[in-house]
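This is the structure I have questions about; it appears just below.
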Amino acid sequence: MAKAASANPPLSDRFLYPGPTGGRPSSWDPYSDGMETSRDRRKAQRRDEILRAAAAVFARRGYHGTTIAGIAAEMNAPRSAVGYHHFETKEDIALAIVQHQRARWAELIRRVSDGPGSGLEQLLTILLSAALDARRNPLAAAAARLTFEQRAAELSFPAGDLQWRATGEQMIARSISEGDLVTTRAASEIVTQFFAASYGLVTAEDNGFEEPRTQYNLCRLWADLLLALGVDDPATMLARLTVVELPD
């Protein structure tokens with residue numbers, strides 16, 4: 001006599017799918033969910049590897065000096081590793097790096113704006129923190145260079161909510177209106193000078209024209225600019241600056 005089939009599900013199913021019938025759905029595939037998750041995880045990991053390798057190359061060579069082949073070489077991988085299933089063009093990679101960093105810059109600006117200090121002090125805190133962040137984070141360094149090269153490289157990054165120049169002008173205008181900075185110069189002119197001089201100094205360090213002592217070199221540069229703006233004691237102001245560190 002044939003042995004009747006058990007009405008209970010296998011023991012393994014009862015542990016995995018509790019319930020009177022094991023809880024297994026009629027269309028259950030024991031591999032699909034796990035494989036999909038693993039596939040997505042590998043794809044995300046590869047995307048991250050591409051962005052970090054690309055950031056290192058963009059930071060060193062700029063937009064025009066970077067190629068897909070160069071990014072692949074940075075990864076010690078064939079050109080196909082960058083692949084169209086991740087990014088279709090070099091500009092797409094640059095945009096992904098800038099968008100990632102813009103979120104970090106926005107958080108930096110928010111934290112500094114909510115803290116103490118005059119508008120001028122807050123602007124210098126943001127510039128100092130961003131410069132030091134770029135020294136330890138290739139994505140930040142690449143995003144900074146790509147942002148400054150955007151017009152020359154004819155890149156079409158979306159404007160987004162983060163507006164460096166507008167933020168700086170608001171901070172300088174606040175210092176002028178509150179009497180912390182007495183000057184007849186326009187806020188836009190002051191912001192341009194600080195941005196250009198600061199980025200120029202960091203670039204000079206990158207190219208070996210200055211010893212890479214970023215915080216010291218920036219504060220020395222800013223002391224001269226502040227004196228020209230009529231700030232009586234730049235050293236005291238600069239000593240109050242506190243670097244804001246952001247997680248990667």
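Readers should treat all values here as calculations from the given coordinates under stated rules, not as data from a laboratory. Remember, predicted model here, so these are calculated numbers, not experimental data. FYI the Cβ positions are ideal-geometry reconstructions off the backbone, even for glycines, and counts take in every protein chain you see.
What is the dipole size for the range 152-248, taken about its Cα centre, with +1 at each Lys and Arg Cβ and -1 at each Asp and Glu Cβ, in debye to the nearest 20?
Charge dipole of the range 152-248: 220 debye, to the nearest 20.
To continue, here is another question. Please arrange GLU107, GLU91 by counting, for each residue, the other beta carbons lying within 10 Å of its beta carbon, fewest first.
Least crowded to most crowded, the residues run GLU107, GLU91.
What FRET efficiency do you get for GLU88 and THR184 if R0 is 45 Å and r is their Cβ-Cβ distance, rounded to the nearest 0.05?
Step by step, r from the Cβ atoms, then E = 0.35.
Each residue of the range 153-170 in turn: what ³J(HN,Hα) in whole Hz from Karplus with 6.51, -1.76, 1.60 and θ = phi - 60°, glycine and Pro shown as x?
Whole-Hz 3J(HN,Hα) from phi for the range 153-170: 8, 6, 8, 10, 6, x, 4, x, 8, 7, 10, 4, 5, 4, 4, x, 5, 5.
Just add up the charged neighbours of ALA55: K/R +1, D/E -1, any other residue whose Cβ is under 13 Å from the Cβ of ALA55. If you can, show how the numbers build up before the last one.
On the way: positive: ARG47, ARG52, ARG60, ARG61, LYS90, ARG104, ARG136, ARG145; negative: ASP48, GLU49, GLU74, ASP133, ASP248.
The answer is +3.
Separate question: Residue by residue through the range 100-111, what is 3J(HN,Hα) from phi via Karplus (6.51 cos²θ - 1.76 cosθ + 1.60, θ = phi - 60°)? Round to whole Hz and write x for glycine and proline.
So the J values, rounded to whole Hz, are 4, 6, 4, 5, 6, 5, 4, 5, 4, 4, 4, 5.
Let me know the charge dipole size of the range 55-159 about its Cα centre in debye, to the nearest 20, where only the beta-carbon of Lys, Arg (+1) and Asp, Glu (-1) is charged.
220 debye
Taking the mean number of other Cβ atoms within 10 Å as a proxy for protection, how do you rank 232-241, 207-216 from highest to lowest?
232-241, 207-216
Shape of the range 117-243 from its Cα gyration tensor (a ≥ b ≥ c, root eigenvalues): rounded if a/c is under 1.5, otherwise prolate when a/b > b/c, or oblate?
Numbers: a/c = 1.90, a/b = 1.27, b/c = 1.49.
The shape class here is oblate.
Just to check I understand the Karplus step: with θ = phi - 60° and J = 6.51 cos²θ - 1.76 cosθ + 1.60, what whole-Hz values come out for the range 53-61, glycine and proline as x?
Listing the rounded values in order: 5, 4, 4, 4, 6, 4, 5, 7, 10 Hz.
Continuing with this model, one more query. Once the other residues with Cβ under 15 Å from the Cβ of LEU218 are scored (Lys, Arg +1; Asp, Glu -1), what is the net sum?
For residues surrounding LEU218, the net value is -3.
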